[in-house]
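Visitor: Input: one structure, supplied below.
Any read-out appearing in this document is the output of simple, stated calculations on the displayed coordinates, not a laboratory observation. None of these values were measured; they are calculated from a predicted model. Neighbour counts run over all protein chains shown; Cβ positions are idealised from the backbone, glycine included.
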Amino acid sequence: MISSRNVKQLAGPAVVTAAGILGFLLRRFYLRWGATDAEVDGGLPGDDFLGAADLQATRAVSIEAPAHAVWPWLAQMGQGRGGLYSYDFLENLMGLDIHSADRIHPEWQDIKAGDRFHLAPAASADLEVGLVDQGSALVLRVPPGAPPGPFDFTWAYVLRPQPDGTTRLLVRERYAYRQWWPPCMVEAVEVVSFMMSRRMLRGIRSRAEGTATPSVSLP
């Protein structure tokens, strides 16, 4: 016969185990949202910028448009340009001054390796365009030679045309920690990063498919 004391003794480890399993499943979900096993495990352009990543997130979405219709939305991304197609109001609460475009701007289509990619008005938040494969891949990274930060980082956008005329858009974030404490910062906001990335992927999809609704920029 199991006593109430035994039940209490068993309940604690059971709750901890269940929480651990749930946490693992949730983390697996938001670090690879929308991506197939092959996409998660396969290499992407820009992976070689980091020898080994301590954290990697690969997310993807299918877009009912050819790659050449998706690329212009990627080419014009950035603060002071086409924005990031995510939650502008949240980004602007942090002073990033992001305004996502709902049309293609010809003046923002010229992008090449070595260009600065602005995330905020402050230059200290800039990334560098590490690789451009026109119509196929855009990879951002921490500028080489920049003062060492707590982690190295790459951000890849890859378009994969499909036989049926649609396109798979893959986005991969890779982090290589340089100190002991960055995981506490980066992994503490993983869920927020996932929400912003998912919104961005859907924002690019809706624009490329021609179904975007005008974004509202708060004063």
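Visitor: Give, as a single signed number, the net charge of other residues whose beta carbon lies under 12 Å from the beta carbon of Ala52, with Lys and Arg counted +1 and Asp and Glu -1. Working shown, then result.
Guide: On the way: positive: Arg174; negative: Asp47, Asp48, Asp54, Asp152.
Residues near Ala52 contribute -3 overall.
Visitor: Amide H of Gly83 versus every other amide H placed in the peptide plane: which residues, excluding those fewer than 5 positions away on the same chain, fall under 5 Å?
Guide: For Gly83, the qualifying residues are Gly78, His99, Ala101.
Visitor: Please tell me the relative contact order of the range 32-208 in percent, rounded to the nearest whole number, where contacts are Cα pairs under 8 Å and at least six residues apart. It would help to have the intermediate numbers written out before the result.
Guide: Details: 337 pairs, mean separation 52.0, N = 177.
Relative contact order of the range 32-208: 29 percent.
Visitor: Give, as a single signed number, the net charge of other residues whose beta carbon lies under 13 Å from the beta carbon of Tyr87, with Lys and Arg counted +1 and Asp and Glu -1.
Guide: Neighbour charge sum, excluding Tyr87 itself: +1.
Visitor: Then there is this: Per residue of the range 162-170, what does 6.51 cos²θ - 1.76 cosθ + 1.60 with θ = phi - 60° give for ³J(HN,Hα)? Whole Hz please, x for Gly and Pro, Karplus curve as stated.
Guide: Taking θ as phi minus 60°, the curve returns 10, x, 8, x, 8, 9, 9, 9, 10 Hz for the range 162-170.
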